[in-house]
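Please read the structure below before turning to the comments.
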Amino acid sequence: MSIILDHVTYTYSEKTAYEIKALDDVSLSIKDGEFIGIIGHTGSGKSTLVQHLNGLLRATSGTIYYNGQDIYDKDFNLKNMRTKVGMVFQYPEHQLFETTVFEDVKYGPKNQGLSDKEATNRAYDALADVNFPDEYFDQSPFELSGGQKRRAAIAGVLAMEPEVLILDEPTAGLDPKGQRDILNLIRRMHESSGRTIILVSHSMEDVAEYVDRIIVMDEGRVFLDGAPDYVFSHTDLLEEKGLAVPQVTYLMEELRAKGIPIEGQPTTLEMAEKEILRLHKAGVF
Amino acid sequence: MFREITLGQYYPADSVLHRLDPRVKLFATLIYIIVLFIAEKPIPFLVITAALIAVIVMSKVPFSYMVRGLRGIVMLLVIAGVFNLFMTPGIVVYKIGPFEISDIGLKNAIIMVVRMVYLIIGTSLMTLTTTPNQLTDGLERSLRPLSRLGAPVHEISMMMSIALRFIPILVEETDKIMKAQMARGADFESGGLITRAKAMVPILVPLFVSAFRRASDLAMAMEARCYHGGEGRTKMKPLTYKASDRVAYVLIMAFLVAVAVLSLI
Ligand SMILES: Nc1ncnc2c1ncn2[C@@H]1O[C@H](COP(=O)(O)OP(=O)(O)O)[C@@H](O)[C@H]1O
Ligand SMILES: [Mg+2]
């Protein structure tokens, strides 16, 4: 299972006065089971990029291969692929429409052609996966709190049991606890099922802590692509583009500037803690 | 695919026409329509054509944008043209099998087609060079005398601006919701009429919810800023005539007189 983008370019409102090149010659290869974070400032093309991965947008030029098959091929079943590459949009709670949460979550599986019984099972599992409280299953989705709506909407995508899960800024507009919960949930999903996860975010801390690979977008291009410590070792480049590295990375760099021999590029609190303890044991402090 | 419709037809450019006061453009459009219906002979049409070409060149809008409006009425043009051509009695000038074309039919068909094409091009010129907001501003000012008769001119134009402002937002929202449901396997294209109508529910419900949410947010925001209707309300960008607007008025009147006189002689 892999997704390959080969020189993908996308232009909004092509051939009009409002033409915007949102993706510019993007080539990427996404392997099975990867946990990828996509960062970049607003308007850098993150959402446009991920909407290509399940064929919701059609590249102006370039090709996309899903498990080796060209998704723009005439015989390729795009509708089927969309259910394999699950996509949680930004503010997914805006897509809720059914009379009860449970019915809403069943919408995806039913579209996949599953029987009512199977859809019910899937919905039950998905809601359990996102820790959605049982007592609200039959509530109208419009009467829930923001965090619960978000969970219900995410469950709606999970219920289709996608092989790849894309989440576009899933924590936007939630309180800190809600954000943690959602991110931990995503991590759990990655660890338990090993499915590919693509997380769009603009929080460096979140991305550094959770993902194994970071893709930095800038003006529709892939600007940096690699493991968190690799990407966050380019502090200057990132700052030039108006981005930042995690707070701890700044701290570690300052310590290094003071002559303390920090090894590697700690990007999370945990890594920083380990490094400081190691130095402490080695008698540097 | 959506933003094209959403911004109305406005084509951003920096031209004399774009800078003209919207009231002038509304007035010019009105005169232009009247003139198109007065004119019947070739000479007045030549004057109109010359004026139209001049304005098109001044507008700095690519010609293809004006022709775009014509695509929608091609069928109408063909049908109306054919009917006029073959169905008008008069001296037969041409015969194709059982069909006869009369002199009057030929003339009527040509006038009709030219009028329609000019009408579309002329009115799109106005919408291409004027933002929807300027248009409603212009309308409000032009119709202000009616408010003395008790017509709710300000309210109507406020409603129009809000509606115009919301069109792109709702269109974008529709696009987003459609994509989100498509990502959940929704299919809006296959199936019979009832299946397709049913498939719209997952789009319409969230769309209404969001429209109401936005409307109540907006109402709240307006109230928080003490909006209380038109009475005594001033504008951030009041419409004021510049020298070029006065020149434009003179030219429009000259154009009207010229065509009227040429049509009479
Ligand atoms: N539906 C659309 N129509 C036209 N332009 C769009 C649309 N969506 C996004 N854009 C433009 O494309 C560029 C990339 O946007 P997007 O992919 O949403 O960026 P991000 O998700 O990184 O904020 C921006 O300049 C944005 O204005
Ligand atoms: Mg985005």
- Note on the structure: Checked segment B:175-193 for anything at the interface with another protein chain (Cβ under 7 Å from one of its Cβ atoms) and over 31 Å from the mean Cα position of the chain (by Cα); matches are B:Ala180, B:Gln181, B:Met182, B:Ala183, B:Arg184, B:Gly185, B:Ala186, B:Asp187
- Can you confirm whether segment A:85-103 contains a residue that is more than 29 Å from A:His202 (Cα to Cα), touching a residue at least 24 places away in the same chain (Cβ under 8 Å) and of a type in the set (D, E, K, R)? yes
- Item | Yes/no for A:Gln90 being buried (at least 19 other Cβ atoms within 10 Å of the Cβ), out of contact with any Lys or Arg (no Cβ under 6 Å at 6 or more places or on another chain) and at pLDDT below 95 | no
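Per-residue answers, yes or no, for (1) crowded, with 20+ Cβ neighbours inside 10 Å; (2) modelled with pLDDT of 95 or more; (3) of a type in the set (D, E, K, R); (4) away from ligand 2 (no atom under 16 Å from the Cβ):
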site: A:Ser2; (1), (2), (3), (4): no, no, no, yes
site: A:Glu14; (1), (2), (3), (4): no, no, yes, yes
site: A:Ala17; (1), (2), (3), (4): no, no, no, yes
site: A:Leu23; (1), (2), (3), (4): yes, yes, no, no
site: A:Asp32; (1), (2), (3), (4): no, no, yes, yes
- Message: Can you report the number of residues in segment A:198-219 which are surrounded by fewer than 23 Cβ atoms within 10 Å (Cβ to Cβ) and either assigned to a strand (DSSP E or B) or within 13 Å of ligand 1 (Cβ to nearest atom) (or both)?
- Response: 4
- Task: From the list A:Asp138, A:Asp129, A:Asp70, A:Asp104, pick out the single residue that is more than 16 Å from ligand 2 (Cβ to nearest atom) and closer than 19 Å to B:Ile177 by Cα.
- Result: A:Asp104
- Message: Show the residue pairs meeting these rules: Cβ distance below 6 Å; 6+ apart or different chains; first residue within segment B:158-180 and within 26 Å of A:Phe89 (Cβ to Cβ); second residue not in a helix (DSSP H, G or I).
- Response: B:Val171/B:Phe2; B:Asp175/B:Phe2; B:Lys179/A:Leu56; B:Ala180/A:Phe89
- Query: Can you name every residue in segment A:13-49 that is more than 21 Å from A:Lys241 (Cα to Cα) and either more than 15 Å from ligand 1 (Cβ to nearest atom) or touching a residue at least 12 places away in the same chain (Cβ under 8 Å) (or both)?
  - Reply: A:Glu14, A:Ser29, A:Ile30, A:Lys31, A:Asp32, A:Gly33, A:Glu34, A:Phe35
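Is it true that A:Leu78 is touching a Gly at 6+ places or on another chain (Cβ under 8 Å), free of Cβ contacts under 8 Å to residues at least 60 places away in the same chain and not polar (S, T, N, Q)?
Values: touching a Gly at 6+ places or on another chain (Cβ under 8 Å): yes; free of Cβ contacts under 8 Å to residues at least 60 places away in the same chain: yes; not polar (S, T, N, Q): yes.
Yes; evaluated as a whole, the condition is true for this residue.
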- Determine, yes or no, whether A:Met160 is in contact (Cβ under 8 Å) with a residue 60 or more places away in the chain, away from ligand 2 (no atom under 16 Å from the Cβ), part of a helix (DSSP H, G or I) and not aromatic (Phe, Trp, Tyr). no
- Residue set B:Ala180, B:Ala151; condition within 30 Å of A:Leu56 (Cα to Cα) and small (Gly, Ala, Ser); output residue B:Ala180
- Task: Report, by residue number, each residue of segment A:180-194 that is buried (at least 19 other Cβ atoms within 10 Å of the Cβ) and either touching a Gly at 6+ places or on another chain (Cβ under 7 Å) or not aliphatic (A, V, I, L, M) (or both).
- Result: A:His190
- Query: Which condition breaks for A:Ile166 when tested against (1) within 14 Å of chain B (Cβ to nearest Cβ); (2) more than 15 Å from ligand 1 (Cβ to nearest atom)?
  - Reply: (2)
- Item | Residues (surrounded by fewer than 20 Cβ atoms within 10 Å (Cβ to Cβ) and closer than 24 Å to A:Leu28 by Cβ) located in segment A:240-271 | A:Glu240, A:Lys241, A:Gly242, A:Ala244
- Any idea which of A:Thr48, A:Thr42 is at pLDDT below 95 and either within 16 Å of ligand 2 (Cβ to nearest atom) or crowded, with 18+ Cβ neighbours inside 10 Å (or both)? A:Thr42
- Query: Of the numbered conditions (1) in a loop (DSSP other than H, G, I, E, B); (2) free of Cβ contacts under 8 Å to residues at least 40 places away in the same chain; (3) within 15 Å of ligand 1 (Cβ to nearest atom), A:Leu57 satisfies every one except a single condition; which is it?
  - Reply: (2)
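Looking at the structure I just gave you, is A:Thr63 at the interface with chain B (Cβ under 10 Å from one of its Cβ atoms) and either at pLDDT 95 or above or over 21 Å from the mean Cα position of the chain (by Cα) (or both)?
It is false that A:Thr63 is at the interface with chain B (Cβ under 10 Å from one of its Cβ atoms) and either at pLDDT 95 or above or over 21 Å from the mean Cα position of the chain (by Cα) (or both).
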- Message: What's the number of the only condition in (1) in a helix (DSSP H, G or I); (2) within 15 Å of the chain's Cα centre (by Cα) that A:Ile166 fails to meet?
- Response: (1)
- Note on the structure: Of (1) more than 14 Å from chain A (Cβ to nearest Cβ); (2) in contact (Cβ under 8 Å) with a residue 24 or more places away in the chain, B:Leu128 fails just (1)
- Query: Does segment B:21-34 include one or more residues that are free of Cβ contacts under 8 Å to residues at least 12 places away in the same chain, away from chain A (no Cβ under 13 Å) and within 18 Å of the chain's Cα centre (by Cα)?
  - Reply: yes
- Query: Does segment A:7-17 contain at least one residue that is within 14 Å of another protein chain (Cβ to nearest Cβ), closer than 25 Å to A:His190 by Cα and not in a loop (DSSP other than H, G, I, E, B)?
  - Reply: no
- Query: Within segment B:213-222, can one find any residue that is surrounded by 13 or more Cβ atoms within 10 Å (Cβ to Cβ), in contact with a Leu (Cβ under 7 Å, 6 or more places away or on another chain), within 13 Å of chain A (Cβ to nearest Cβ) and assigned to a helix (DSSP H, G or I)?
  - Reply: no
- Output the residues belonging to segment A:113-131 that are surrounded by fewer than 20 Cβ atoms within 10 Å (Cβ to Cβ) and under 23 Å from the mean Cα position of the chain (by Cα). A:Asp125, A:Ala128, A:Asp129, A:Asn131
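The values are calculated or read from the model by the stated rules, or taken from the named source; none is laboratory data. Keep in mind that this is a model prediction, so the values were computed, not measured. FYI the Cβ positions are ideal-geometry reconstructions off the backbone, even for glycines, and counts take in every protein chain you see.
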